[in-house]
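Visitor: First the structure, then my questions, so here it is.
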Amino acid sequence: MRVTHNHSLALSLATVHALPVFPARERPHKYNDRKTGKMRTLNAKSPYTKRGLKEATTDPTQITKWWTEHPDALAAVVCGAQSGILVVDIDTGGDKCGEASFASTGLKVPETVQTRTMSGGRHLLFKYPTGANIKNSASTCFGQDVDVRAEGGYVIFAGSVLPDGRRYEYVEGLSIEEVDIAPLPDEYLKRLLA
């Protein structure tokens, strides 16, 4: 069996870092809906699993089964209480202004794991607050084009490689191997709970 880069990444995230993963589409997939006869598209980054992020696991046997079926799948990590992470997703590129919006909050970013998205944006990873019930949000708590990935959300993790060779990367010096995922700062939590 050939073990792809993304398969190895998923296994490492699950077994070394205890992050529940699932396979996500590396490109859009079109199909004919048999019930309606209409053409449908499953977007890139959407789950391959039938129950989506609800099937995220740290079980190496299940992960290997998934990546055997979908060897180029991207490594998606569920957010919220299950994984213990919350992600502030700062969108840029095109007409998005997430970096400027986030900067205008005046919030300081502690040393924590950070990744670059395909659009040039950033993911700031924080520990999910114990006992909290924080759901996904878009352009609310931290300004326009700054989203939150928490309960009910997931992110494509740094290290995932697309079929064209582009990859999700860590911000230099802030990989999961170099720094810890920081606790969510109180100022951030106040905004999330307001």
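The values are calculated or read from the model by the stated rules, or taken from the named source; none is laboratory data. Everything numeric in this text was worked out from a predicted model, so none of it was measured. Here Cβ is always computed from backbone atoms with ideal geometry, including for glycine, and neighbour counts include all displayed protein chains. Side chains are part of the model used for accessible areas, which takes the heavy atoms of the whole protein and leaves out ligands, DNA and RNA. Shrake-Rupley method; radii C 1.70, N 1.55, O 1.52, S 1.80 Å.
Visitor: If you add up the charges near Asp89, with Lys and Arg at +1 and Asp and Glu at -1, over every other residue whose beta carbon is less than 13 angstrom from its beta carbon, what do you get?
Guide: +1
Visitor: Here is a follow-up. Relative to the first principal axis of the alpha-carbon coordinates of the chain, what is the inclination of helix 5-15, with its axis defined by its Cα atoms, in degrees from 0 to 90 and to the nearest 10?
Guide: It works out to around 60 degrees.
Visitor: Considering only His29, His17, His123, give the residue with the highest GNM mean-square fluctuation for the chain, with springs between Cα atoms whenever their separation is below 10 Å.
Guide: His29
Visitor: While we're here: With +1 assigned to the C-beta of every Lys and Arg and -1 to the C-beta of every Asp and Glu, and no other charges, what is the dipole magnitude of the chain about the Cα centre in debye, to the nearest 20?
Guide: In debye, rounded to 20, the chain gives about 1020.
Visitor: Using a Gaussian network for the chain with springs between C-alpha atoms less than 10 Å apart, which of these wobbles most: Gly94, Gly153, Gly84?
Guide: Gly94
Visitor: About its Cα centre, what dipole magnitude does region 122-194 give when the only charges are +1 on Lys and Arg Cβ and -1 on Asp and Glu Cβ, stated in debye to the nearest 20?
Guide: 280
Visitor: Moving to a separate point now. Cut-off under 13 Å on the C-alpha distance; same-chain residues fewer than 8 positions from Lys54 excluded. Which aspartates and glutamates are left, in chain and number order?
Guide: In chain and number order, the partners are Glu151.
Visitor: Would you work out what percent of the accessible area of region 96-170, with all protein chains in place, is carbon or sulfur (probe 1.4 Å)?
Guide: C and S fraction of accessible area: 48 percent.
Visitor: Given (1) 16.5, 55; (2) 16.9, 51; (3) 17.7, 55, which label gives Rg and Dmax of the Cα atoms in Å as computed from the coordinates?
Guide: Answer by label: (2).
Visitor: Under a 1.4 Å probe, what is the accessible area of region 114-164 per residue, stated in Å²?
Guide: Per residue, region 114-164 has an accessible area of 39 Å².
Visitor: Continuing with the same structure: Say the cut-off is 26 Å between C-alpha atoms; which of Lys30/Lys135; Lys45/Lys127; Lys50/Lys96; Lys45/Lys96; Lys65/Lys127 go over it?
Guide: Lys30/Lys135; Lys50/Lys96; Lys65/Lys127
Visitor: With Cβ to Cβ distances under 15 Å as the rule, what net charge do the other residues near His5 carry (K, R +1; D, E -1)?
Guide: -1
Visitor: Shifting gears a bit: Nearest 10 degrees, 0 to 90: what angle lies between the long axis of helix 60-69 and the longest principal axis of the chain (Cα atoms)?
Guide: 60
Visitor: With every protein chain kept in the model, how would you rank Thr49, Thr41, Thr61 by accessible area, 1.4 Å probe, largest at the top?
Guide: Thr61, Thr41, Thr49
Visitor: Which residue, Asp164, Asp89, Asp147, tops the fluctuation ranking in a GNM of the chain built on C-alpha contacts under 10 Å?
Guide: The residue that fluctuates most here is Asp164.
Visitor: Using amide H atoms built 1.01 Å from N in the peptide plane, name the residues 5+ places from Glu26, or on other chains, whose amide H lies under 5 Å from its own.
Guide: So Glu26 has HN proximity to Lys45, Leu74.
Visitor: Let me ask another. Over 23 Å apart: what share of the alpha carbon pairs of region 86-194 falls there, rounded to a whole percent?
Guide: Tail of P(r) above 23 Å: 24 percent of Cα pairs.
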